[in-house]
Amino acid sequence: MQTLILQEPGHFRLTETEPPPQPGPGEALVRVHRVGICGTDLHAFRGRQPFFSYPRILGHELGVEVVALGPATETASPGNLAVGDRCAVEPYLNCGRCGACRRGKTNCCERLQVLGVHVDGGMRELLVVPVHKLHKSETLPLSHLALVEMLCIGGHAVRRAQVEPGEQVLVIGAGPIGLSTIQFAQIAGAEVSVLELNPGRLAFCQEQLGVAHGLDGSVDPVDALRERLDGELPTVVFDATGNVHSMQQAFQLVANGGKLVFVGLVQADITFHDPEFHRREMTLLSSRNATGEDFQFAIRMLEEGRINVAPWITHHTTPQELPAVFPTWLAPEAGVVKAMLDF
């Protein structure tokens, strides 16, 4: 079967590998049709992804079709999976035994392995996955199913922050994870502002997501936010940049008694001024991955038309083209919102 392998930073190789074995009990063999290209993939290509080793088959944003089910799996699978079903893949392989798993926090399992990061992922034609990690839809196209995992990152962050209707929310960074955070904050009923240095991304938020209040790098964000919010600051700030300078600055943008949520990940230390942190009695949260509950909610929002990801997919490629085209997506002038690999 065709397989794309990231041999080392900066070097993809398209090759033929043996197909996986038939699925065992509790497993499904799936045909990979679409792979969303994530920031994690870009970081791995650059050699900047933590907890990562080479060579690696990337790909954890997957739209797949079930082609075989393991013995006695038909009746045991959630939602009665059947051959031919189209599904999103929850790529977080948790142990089910550690304290986090027992508390339902499968997204931060102590022994977590993420497809395409810690173990080989979906940039190949066929893949065996646990059936309980498949979330089907009767109506969504495969390209949209491939973006469910990305949506869930923002959805989980918003759920973790317990955003309330009418709350003033700031999202910093309008890459795909920032966009998903914006969408779920809007669904929660928040009034959303966006801080983004790239004018093209900021325009996308305003034109496609209906964000009325956008801030760019030409203004002081504290002054601009206070002017818009009658002297106040947002009560919830999400930083989705993965940029150490932005993440440290974000502490200054949170209202007294408010919450700061780090959705992005950076391979660095984050520091803050403790007296100011205490003066504001600020809550600092990290948000990692998502849960099965988040996947079901995201799929429902897509099916109900409350989220439309069609405009997000700006670039497509094939396995044959990807090694040459992938490096070009790193440049901001490429205008990539979301790239998709079509198997």
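Nothing in this text is a laboratory measurement; each read-out follows from the coordinates by a stated rule. Just so it is clear, the model here is predicted, and its values are computed rather than measured. Heads up, the Cβs are rebuilt from the backbone with ideal geometry, glycines too, and the neighbour counts pull from every protein chain shown.
Listed by chain and number, the lysines placed with their C-alpha closer than 16 angstrom to that of K133 are K105; residues fewer than eight positions away on the same chain are left out.
Are there any chymotrypsin sites (Phe, Trp or Tyr not before Pro) in region 49-139 that are in a DSSP loop and have at most 11 other Cβ atoms within 10 Å? List them by number.
Details: sites: F51, F52, Y92; in loops: F51, F52.
Counting only loop positions with at most 11 other Cβ atoms within 10 Å, the chymotrypsin sites (Phe, Trp or Tyr not before Pro) in region 49-139 are F51.
Ranking L69, G122, C152 by Cα position along the charge dipole of region 43-165, where only Lys, Arg, Asp and Glu carry charges on their C-beta atoms, puts C152 farthest toward the positive end. Computed on the Cα trace of the chain, the radius of gyration divided by the Kirkwood hydrodynamic radius gives Rg/Rh = 0.97.
Only helices enter the 222 nm calculation for the chain: every DSSP H run of n ≥ 4 contributes -39,500 (n - 2.57), and dividing by all residues gives -7000 deg cm²/dmol, rounded to 500.
About the Cα centre of the chain, what is the dipole size in debye to 20, counting +1 per Lys and Arg Cβ and -1 per Asp and Glu Cβ, all else neutral? The partial results should precede the final answer.
Values: 27 positive and 38 negative charges, 155 e Å.
Here the size comes out at about 740 debye.
The order of K133, K105, going from fewest to most other C-beta atoms within 10 Å of their C-beta, is K105, K133. The amide H of G26, built 1.01 Å from its N in the peptide plane, has G70, T73 as neighbours under 5 Å, considering only residues 5 or more places off or on other chains. In this structure, the amide hydrogen of S286, modeled 1.01 Å from its nitrogen in the peptide plane, lies closer than 5 angstrom to those of F262, counting only residues at least 5 positions away or on a different chain. Between amide H atoms placed 1.01 Å from N, distances below 5 Å from L62 occur with G36, V89, E149, all of them 5 or more places distant or on a separate chain. Using the Karplus relation 6.51 cos²θ - 1.76 cosθ + 1.60 with θ = phi - 60°, the per-residue 3J(HN,Hα) values for region 130-145 come to x, 5, 6, 9, 9, 10, 8, 9, 7, 10, 6, x, 4, 5, 6, 4 Hz, with x marking Gly and Pro. Have a look at H11, P25, V325 and report the one farthest towards the positive end of the charge dipole of the chain, computed about the Cα centre with Cβ charges (Lys/Arg +1, Asp/Glu -1). Value computed over the given set: P25.
Comparing V263, V66, V244 in a Gaussian network model of the chain (Cα springs below 10 Å), the most mobile by mean-square fluctuation is V244.
The phi-based Karplus calculation (6.51 cos²θ - 1.76 cosθ + 1.60; θ = phi - 60°) puts the 3J(HN,Hα) values of region 18-24 at 5, x, x, x, 4, x, x Hz, whole numbers, x for Gly and Pro. Of interest is the spacing of the C-alpha centroids, which for region 104-144 and region 208-243 amounts to 34 Å.
Suppose we flag GluC sites (Glu not before Pro) only when DSSP calls them loop and at most 12 other Cβ atoms lie within 10 Å. Which is the longest uninterrupted stretch of the chain? Kindly include the intermediate steps, with their values, before the conclusion.
Working: sites that count: E110, E138, E281, E304.
With a cap of 12 other Cβ atoms within 10 Å, the longest stretch comes to 139-280.
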